[in-house]
1. Restricting attention to segment 495-502, does a residue exist that is buried (at least 24 other Cβ atoms within 10 Å of the Cβ) and either under 22 Å from the mean Cα position of the chain (by Cα) or assigned to a loop (DSSP other than H, G, I, E, B) (or both)?
2. What is the residue count in segment 393-428 for residues that are part of a strand (DSSP E or B) and in contact (Cβ under 8 Å) with a residue 40 or more places away in the chain?
3. Could you tell me which of the residues Glu565, Glu553 is more than 22 Å from Val412 (Cα to Cα) and charged (D, E, K, R)?
4. Being closer than 12 Å to Val475 by Cα and without any contact (Cβ under 8 Å) to a residue 40 or more places away in the chain is the filter; apply it to segment 505-518 and report the residue that is surrounded by the most Cβ atoms within 10 Å (Cβ to Cβ).
5. Determine, yes or no, whether Glu398 is at pLDDT below 90 and either within 30 Å of Ala489 (Cβ to Cβ) or of a type in the set (D, E, K, R) (or both).
6. Which one is farthest from Glu368 (Cα to Cα), of the residues in segment 600-626 that are modelled with pLDDT of 90 or more and of a type in the set (Ser, Thr, Tyr)?
7. Find all pairs meeting these conditions: Cβ atoms under 9 angstrom apart; at least six residues apart or on different chains; first residue within segment 275-296 and among the β-branched types (Val, Ile, Thr); second residue in a loop (DSSP other than H, G, I, E, B).
8. Suppose the filter is in contact (Cβ under 8 Å) with a residue 60 or more places away in the chain, in a helix (DSSP H, G or I) and not assigned by TED's automatic domain parsing to the domain that holds Gln576; does Leu389 pass it?
Amino acid sequence: MSSSSFTLQERLRYAFDNTLSRGTIALVGWLGIISVAAISVFGVILAVTGLNSDDGTAPVEGMTFIEGSWQTLMRTFDAGNMAGDAGWPFRILMLLVTLFGIFILSTLIGVLSSGLEAQIEELRKGRGRVVESDHTVILGWSEQIFPILTELIQANVSRKHAAIVILGNKDKVEMEDIIRDKVEDLKTTSIICRTGSPVEPSDLRIVSVDTARSIIVVAPDGDDGKSEDPDTDVIKALLAVTNSPDRKKGKYHLIAEIRDPQNVEVAEMVGKDEVELVLVGDLIARIMAQTCRQSGLSVVYTELLDFGGGEIYFKDEPQLVGSTFFDCLLAHEDSAVIGIRPHTGPPMLNPPMQTRLNTGDKLIVIAEDDDAIKLSSTVARPDPTAIQLTAAPTDKPERTLVLGWNWRGAQVVRELDNYVPDGSSVHIVADTDDAEGIIADRCSNLKRMLLTFDRKETTDRRVLDGLDVTTYDHVIVLCYSDHLGVSRADAKTIITLLHLRDISQKKGVHLNIVSEMLDVANRRLAEVTKADDFIVSDRLVSLMLSQISENKELNQVFKSLFSPEGSEIYLRPIEQYVRLGVPVSFSTVIAAAAGSKTSECAFGYKILSQANDAAKSYGVCVSPKKSDLITFQPGDKLIVLAEE
């Protein structure tokens, strides 16, 4: 069929339909055209016929076109103007004008109302482009973003108009409602939500990734609350950002979490030098393995990663150039030096004490705030008479019990094998279908531990009584996060902990228990179980992502800190360094640790009597004043950076 076969009526109707499909503005335009045409017609009629009202509203000799159009316009807008009309011909004509006005106005109101509703609905969809710069973008929606938001809000306090933009696969209004419930005080930060996919370039433009200060990529939740392949989701999002056809010329500051070490190489290939990766499986596993052997370590890590406590900074101190690392340790009253970042090369945590600070090098410092790092001439000098170095006790084989299972379990066991003495053992009890197969596949080459496994229900009291848990040196309780939601997984953990506490009380034996929690609120509930330590795994990961988003150089420090090689954080018995029962300055403690056989860097301590007091950070004090006098008692610990 050729185009000439279409009738004029069909062409006009098609053009009219296309115009109407353009939305509210087109409809209002047509109503305006019809109104102008009708008013003009009635104005002509009044001018030609000479009809007028005899009440003085028009000249007796008749109306001009302008006057007639004005009278028509007034009666179109307000039907009450008919009340004073006189003369039936004029009244009938004005009645028609008024009816036309009622039709036009009611249609206009309906069109505007529908258009406004459509616009509001469009805004609710969260598809409008964000016009922000120097903001933080979070790609992906999961429960993990709430601690990230809390930390970023704290970090943004010094900024007047900070913004965090979230691109998630949920409804915009739903995301905003959840954030409003879980994040109480936004301070100076605005949180903007947009609905979309982190792997779609068009959706990335909505959140203005090109103008963002940093971009945090988290594994998004699936329809059932969990992503089937979180690493793949993260890598695809990285690929969408870095390989977009219209990406910016400069480099992005990307931070992403990866679970499986086998996916790190692919993520690095995609992100190149634009992405900082956090290997969450290794991170939490190493913390759990270390914490089960030294209670309180997770509190130390939380303190270092939390923006509300002591943080890690890089500080340029020209006045200390040429000084030894030991001299730098005692140069600040309120801050703790833990390493050196050379102007070339990776950071050095706890370098040899005689290492000298060169021009361009920066100190790695723990402080409450960057502004608080100041050189001081009033730092107390060490008291050699209070130093009492003793040898560490000889290690003996350890028995560890693991209750519960999740995807981190195999890595926890492998990390534990790196720290325990030869001849140790680990017994795993879990009620899952996949635990035994994963253990056989990933934990078959342990060097220092003998591994055994039982499939049993870990919340069953009869099972726990049969395990004779009091004979184990360490007990690790893992949450069932692979198959249960946050609340149910933590609930099972709490039930297990309550049984363990009851067993401990009835047998009068202290159990060294470390438990993994998912929700920090559930940790507070679980504290009644008197476990030695709780590791809120997702929160620790979120804290690290937040820190690196503010300063990408910190990732090198964290990699060094959590690496099996080099210096790590340990909690040593204080009696290995100084005399008990006498007041000593922290400068003395630092000197004692530095002069020990392993040349350690002390930056805090833990008081045993405060271990259950949340208000006092469970007895953990990081970066105390050098001049403060502390009287240590048996059971207190010194927090040090040291090689194993």
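The values are calculated or read from the model by the stated rules, or taken from the named source; none is laboratory data. This is a predicted model, so every value here is computed, not measured. Here Cβ is always computed from backbone atoms with ideal geometry, including for glycine, and neighbour counts include all displayed protein chains.
1. No: zero hits.
2. Of the residues in segment 393-428, 6 are part of a strand (DSSP E or B) and in contact (Cβ under 8 Å) with a residue 40 or more places away in the chain.
3. Within the list Glu565, Glu553, the selection yields Glu553.
4. For segment 505-518, the residue satisfying everything is Ser515.
5. no
6. This residue is Tyr605.
7. Going by the 9 Å Cβ cut-off, the qualifying pairs are Val275/Tyr252; Val275/His253; Val280/Arg259; Val280/Arg408; Ile284/Arg408; Thr291/Asp532.
8. Considered against the rule, which asks whether it is in contact (Cβ under 8 Å) with a residue 60 or more places away in the chain, in a helix (DSSP H, G or I) and not assigned by TED's automatic domain parsing to the domain that holds Gln576, Leu389 comes out as no.
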